[in-house]
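What follows is a single structure, written as structure tokens, with notes after it.
Rule-based calculations on the coordinates, nothing more; no lab input. Small disclaimer: the values here were computed from a predicted structure and weren't measured. So basically every Cβ, Gly included, is an ideal-geometry build from the backbone, and we count neighbours across all protein chains shown.
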Amino acid sequence: MDDCSDALHELYQYLDGELTEERRAIISTHLNACGECFEAFDFQAELRQVVAYKCRDEVPEALKSRIAGLISGEA
């Protein structure tokens, strides 16, 4: 595999912090030098942030209380 293939193949592992420090440094160096791979990385990182932000659901207080009661055996 070439540098771009390696970087793109390990992109999700890089974003998830699942690479060794050595592998992370290699990918990071490549991303800093390769605009095309950096764009792919940047897009995925931003997409993850948007999804994390938009997919947050607030749990109603009544449900929280009910679950807490079930856990403590008060239901």
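Assorted remarks:
Every residue, every condition in (1) surrounded by 12 or more Cβ atoms within 10 Å (Cβ to Cβ); (2) in a helix (DSSP H, G or I); (3) touching a residue at least 40 places away in the same chain (Cβ under 8 Å); (4) of a type outside the set (S, T, Y), yes or no:
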position	(1), (2), (3), (4)
S5	no, yes, no, no
A25	no, yes, no, yes
C37	yes, yes, no, yes
R48	yes, yes, no, yes
Y53	no, yes, no, no
G69	no, yes, no, yes
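- Scanning the stretch 7-23 for residues that are surrounded by 14 or more Cβ atoms within 10 Å (Cβ to Cβ), charged (D, E, K, R) and touching a Phe, Trp or Tyr at 6+ places or on another chain (Cβ under 9 Å) returns a single hit, R23.
- Of all residues in the stretch 22-75, those satisfying the criterion of being polar (S, T, N, Q) and within 13 Å of E10 (Cα to Cα) are S28, Q44.
- For the stretch 7-23, filtering for residues that are of a type in the set (D, E, K, R) and within 15 Å of the chain's Cα centre (by Cα) leaves 3.
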